[in-house]
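*Asks:* Provided herewith is a single structure, encoded as structure tokens, for subsequent inquiry.
Values in this text are rule-based calculations from the coordinates and carry no lab data. No experiment lies behind these values; they were computed from the predicted model shown. All Cβ positions, even for glycine, are placed from backbone atoms using ideal geometry, and neighbour counts span all protein chains on display.
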Amino acid sequence: MTSVRVLFDGHWWPEGPTSNRSVMRAIVTGWVRAFPSDDVWIAGPGPRPDDLPDAARWVSTRIPQHGLATMVELPVVARRVRPDIVVTHNFAPISGRATRAVFVHDFMFVTNPEWFTSAERQYFRVLRASLRRADRIFTSSGTEAARIDRTLRPAQPTTPVGLALPDQLVHAEPTAPAWVEGLEGYLLTVGRLNVRKNLERAIQGALRSGACTPSRPLVVVGEAQGKVAALSAEAEGAIATGAIRMAGFVSDGELAYLYAHTDLFVFVSLDEGFGMPCIEASYFAAPIVASDIAVFREILGTTATFADPTDARAIAASITTALADPRPTAPIARYDWDGAVQTLRSTALEAHVA
């Protein structure tokens with residue numbers, strides 16, 4: 001096998017958006033594990049992190065903003081390192097001889113700009129423009145790849161690589177949150193609390209199903225991020241009674257416990273690039289009610305009960321059906337980090353030697 005020198009965008013390694021940081025770390029560690037003969041360099045802010053893979057070398061960067069650091073500073077680093085491939089997230093370096101491989105999480109900002117704040121839309125405009133410099137674009141799902149190709153029209157088709165469960169969740173020791181004690185059971189939803197995650201309708205559906213009570217609440221894990229929709233008086237009242245429990249941030253161990261013991265996982269987002277919480281729930285064998293959207297049909301197949309995410313009554317009916325005849329899921333074997341990095345590497349290498 002041909003060995004290559006690869007430079008990774010590690011801007012989020014020390015800290016950053018939770019989902020982006022998790023994917024970035026998993027790609028790097030998966031690459032080092034799958035291709036130990038490759039010469040791996042990682043560029044990011046500050047001194048070398050203690051948890052960096054031993055085989056990887058670290059280059060400190062100075063620009064604090066991720067997009068600017070990737071577009072402007074990474075080419076400077078690349079001139080010193082001389083990589084064959086540069087792997088970045090969301091933004092492409094503006095110059096350089098190396099093959100520029102960019103992982104893009106989604107293009108929902110193009111099809112549904114109303115879900116994002118004005119500041120987010122400004123960020124995405126720069127992101128979109130920078131991708132004209134990419135040699136290859138990668139994303140998580142076939143559904144998202146089709147959206148990117150349809151709206152960006154890149155020179156080469158976008159390559160879906162899949163995602164997989166974060167290592168830290170797989171290896172976490174399940175730990176019951178203190179507030180679980182005394183509950184008869186619970187339903188669970190997980191994700192950033194923004195307008196796209198459709199929390200209001202998830203709550204409406206759970207309440208109208210009659211399944212949620214103070215002793216069997218809908219537990220909402222996640223924190224507000226981005227454009228947030230206000231909750232209705234009905235939802236606020238249910239929070240006050242305890243029929244809806246806003247858990248906020250939980251540890252990996254607590255999240256593992258919640259997935260493993262929930263009566264039902266409910267994820268009725270309006271749209272997703274992939275939908276990592278569904279992969280997480282399936283790993284822990286949780287029955288799932290999910291939005292009837294293309295990407296969930298792609299990744300979940302027939303393992304979930306689907307519902308129209310715009311209709312609270314449909315969500316309620318699906319919750320009732322799923323609780324009456326729960327179908328425990330199983331880990332979705334086709335998604336793993338080794339497969340993801342193998343696809344990414346082979347596609348980038350083809351572009352490099354072309």
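*Asks:* Applying a 10 Å radius around every beta-carbon, put 255-267, 197-209, 336-348, 56-68 in order of their mean neighbour count, most first.
*Replies:* 197-209, 255-267, 336-348, 56-68
*Asks:* Follow-up. How big is the dipole moment of the chain about its Cα centre under a simple scheme where the beta carbon of each Lys and Arg is +1, that of each Asp and Glu is -1, and everything else is neutral? Debye, nearest 20, please.
*Replies:* Value, rounded to 20: 1460 debye.
*Asks:* Then there is this: Please quote Rg/Rh for the chain to two decimal places, taking the Kirkwood radius as Rh and restricting both calculations to Cα atoms.
*Replies:* Here the Rg-to-Rh quotient is 0.99.
*Asks:* Now for a different question. Give, in nm to one decimal, the length gained when the segment between residue 321 and residue 236 is fully stretched (0.36 nm per residue of separation minus the Cα-Cα distance).
*Replies:* 28.0 nm
*Asks:* Sticking with this structure for a sec: Quote the charge dipole size of segment 168-324 about the Cα centre in Debye, to the nearest 20; the model charges only the Cβ of Lys and Arg (+1) and of Asp and Glu (-1).
*Replies:* Using only the charged Cβ atoms, the result is roughly 300 debye.
*Asks:* Still on this structure, I have one more. Residue 117 versus residue 351, label points 7 Å from Cα toward the beta carbon: distance in nm?
*Replies:* 3.1 nm
*Asks:* Turning to a different aspect of this structure: Using the basic label-point model (7 angstrom from Cα toward the beta carbon), what is the residue 310 to residue 229 distance in nanometres?
*Replies:* Going from the residue 310 label point to the residue 229 one covers 1.2 nm.
*Asks:* With n ≥ 4 as the cut-off for DSSP H runs, can you work out [θ] at 222 nm for the chain, using -39500 (n - 2.57) per run divided by the number of residues, rounded to the nearest 500?
*Replies:* Estimated from H runs of four or more residues: -11000 deg cm²/dmol.
*Asks:* Please give me the summed charge of the neighbours of residue 210: other residues whose Cβ is under 13 Å from its Cβ, Lys and Arg +1, Asp and Glu -1.
*Replies:* +3
*Asks:* In terms of the Cα gyration tensor, with a ≥ b ≥ c the square roots of its eigenvalues, is segment 168-324 rounded because a/c is under 1.5, prolate because a/b exceeds b/c, or oblate?
*Replies:* Note, shape of segment 168-324 comes out rounded.
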